[in-house]
Amino acid sequence: MAALTDLEREKGIDKEVLFQAIESALISAYRRNFGSVQNVRVRLDRETGATQVWAQKTVVREVQDHRLEVSLDEAVTLRPGSLEGDIIEFEVTPKNFGRIAAQTAKQVIVQRIREAERGMIYEEFINREGDIVTGMVHRTERNLVYIDLGRTEAIMMPSEQVPGEMLRSNERVKLYVVEVKKTSKGPQVYVSRSHPGLIRRLFELEVPEIHEGVVEIKGIAREAGARTKIAVWAEDPNIDPVGSCVGNRGTRVQAIVSELRGEKLDIIRWDADPGVLVANALSPAHVTNVTVDAATRAARVVVPDNQLSLGIGKEGQNARLAAKLTGWKVDLRSESQVGQGNWW
């Protein structure tokens, strides 16, 4: 009984749930060992832990099966006023039932503890879907990375890993919880290092203005391991959203870049004007002119000759991320190309 009380306190499992589970298991154990067809009830005393088995028999005029029935005459002797069809209980606790009860109870308790722990782990992490967690790299097998989250182990699929990022065993990393599934072996947590949501959560951790809702993240475009563009906005004109994210001498953004292992971060100011937004999104390139076509959601952008390669970026990355961030198709031309008539 003391052990059940300790389990209730340590594991968070209601003791009454364990009592009922043990009683159900003892019924099966009794039928298996002593009487397969008898209707029995097992009572586990909540104070002492003593176990009693009661056989339930139906009152009949003529007994056909002594294991299930009792005669009306005998029933009236045992319990005056008994009528045909009543159920009378007889104690049938075997002499050595305590040993069987202990063995059965142990198995049931262990099983219930496992089920309860799985349930609690699932409830804990299902509420953390879309949130950030810190874990320790456990091992890598067949391109899968297993992360120790303390109470459970998470899996990072190849598609959720950052290309080129080497994670060492026992290294602590921040991860984005993509999905939590119930499986036959317990809850399975899937995490990511490449999801754009990781960027959002890291900024919420590092920038109090974002956490408090003073500065809002309007969009994120990411190519994991290489570059990320994030558009921020503040309703209060006295607040600089970009400056809030960068921090004093870049301390805030540097903490995020460090966690992302040097991934480049472009923080741009969001604007309701598509032309201004596209120009900002092409940062760090300077833009001369932007013409937008709302019908086709295309933006024609002119940049100085010396800014064209910067605007396009390595293998078109800068322009590609700008288009993804703004939702507009971006077409870049240099001033000399426009001057020569090389236009759209």
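Here, each number is a calculation from the coordinates, and none is a lab measurement. Since the structure is predicted, the reported quantities are computational estimates derived from the model, not experimental observations. Positions of Cβ are backbone-derived with ideal geometry, glycine not excepted, and every protein chain shown enters the neighbour counts.
Observations on the structure shown:
- Taken one residue at a time, the phi angles of the range 299-316 give Karplus couplings (6.51, -1.76, 1.60, θ = phi - 60°) of 10, 9, 10, 10, 10, x, 3, 7, 10, 4, 5, 5, x, 6, x, 4, 6, x Hz. Gly and Pro are set to x.
- Cα-based shape type of the range 195-270, given that a ≥ b ≥ c are square roots of the gyration tensor eigenvalues and the cut on a/c is 1.5: prolate
- Rounded Å value of the spacing that divides the Cα centres of the range 1-52 and the range 202-224: 53 Å
- Exceeding the 32 Å Cα-Cα cut-off - candidates Lys106/Lys181; Lys11/Lys57; Lys185/Lys264; Lys181/Lys324; Lys11/Lys174: Lys11/Lys57; Lys185/Lys264
- For the chain, a simple Cβ point-charge model (Lys and Arg +1, Asp and Glu -1, everything else neutral) yields a dipole of about 1140 debye relative to the Cα centre.
- More than 35 Å apart - percent of Cα-Cα pairs taken over the chain: 53 percent
- Judged by the mean number of other Cβ atoms found within 10 Å, the most tightly packed of the peptides 327-337, 231-241, 90-100 leads the ranking 327-337, 231-241, 90-100.
- Note on the range 272-344: the C-alpha convex hull projects to 4.5 nm² when averaged across all orientations.
- Only DSSP H runs of four or more residues enter the estimate; each adds -39500 (n - 2.57), and after division by the residues of the chain the mean residue ellipticity at 222 nm equals -10500 deg cm²/dmol.
- Highest mean first, the peptides 65-72, 153-160 sorted by other C-beta atoms within 10 Å per residue fall in the order 153-160, 65-72.
- Two-decimal Rg to Rh for the range 69-184 - Kirkwood Rh, Cα set: 1.42
- Here the convex hull built on the C-alpha positions of the range 135-192 has a volume of 83 cubic angstrom per residue.
- Pairwise centroid distance, computed over Cα atoms, of the range 104-178 with the range 61-91, Å: 58 Å
- Taking a quarter of the surface of the Cα convex hull of the range 1-148 gives a mean projected area of 14.7 nm².
- Amide hydrogen neighbours beyond the local backbone of Asn39, cut-off 5 Å, H modeled: Gln56
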